[in-house]
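The values are calculated or read from the model by the stated rules, or taken from the named source; none is laboratory data. Just so it is clear, the model here is predicted, and its values are computed rather than measured. Counting neighbours? That spans all protein chains shown, and the Cβs are built from the backbone with ideal geometry, glycine included.
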Amino acid sequence: MRATIDTPYADARADGLSFALGLPPLDALAVLPVERAGVTVELRLLGASHQIIAGPLSETVACLEGEADPLPGRATTTVPGWTYEFAATTAAHSDATAFARAVEAVCARLADRGDALTGAFPGSPHAVTALTLEEKTDDAGLGWRTWHAYPQTREIVMTRSRLLTSSPA
């Protein structure tokens with residue numbers, strides 16, 4: 001699903017992103033609920049980036065005020081019955097053309113998927129946040145990916161998360 005957003009995005013640089021687990025649902029500009037592996041996953045597009053709510057877990061990557069942690073390269077934790085894994089990387093593009101091609105490739109890859117939410121913000125056709133569930137899932141869990149594109153700095157922050165069922169001890 002592609003959402004055209006009328007609200008300017010609140011985050012303008014990759015290094016402004018922070019990370020929080022367990023936040024309640026934040027005000028969203030667009031929401032796409034998807035059922036996967038017996039879990040309802042909400043892909044939530046925020047003015048300040050994204051929030052995913054998947055079963056017992058809420059992941060927020062956004063410009064958050066207060067007690068939020070900086071965006072980590074990796075994080076893992078457990079919630080009852082699940083193990084959660086998170087990874088983030090930032091790609092900096094040397095010129096506007098390379099940046100535009102990278103953003104357009106992500107948008108094209110997700111365009112026809114019913115399990116993807118892409119938001120285009122005003123000001124630039126490449127001011128995009130995109131969220132999708134991973135195509136390959138198994139009985140052990142589910143995963144999702146996100147892209148946060150910053151035209152001002154030609155950066156794309158990419159995240160990959162997995163929520164895996166924990167085996168009983």
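Among the residues of the stretch 28-49, those that are over 16 Å from L117 (Cα atoms) and either surrounded by 13 or more Cβ atoms within 10 Å (Cβ to Cβ) or at pLDDT 90 or above (or both) comprise A37, V39. The strands (runs of 3 or more DSSP E) located wholly in the stretch 50-150 that include 1 or more residues which are surrounded by 12 or more Cβ atoms within 10 Å (Cβ to Cβ), of a type outside the set (F, W, Y) and without any contact (Cβ under 8 Å) to a residue 60 or more places away in the chain occupy 57-62, 74-79, 128-133, 141-150. Exactly one residue out of G16, G73, G81 is on the phi > 0 side of the Ramachandran plot and either basic (K, R) or modelled with pLDDT under 95 (or both): that is G81.
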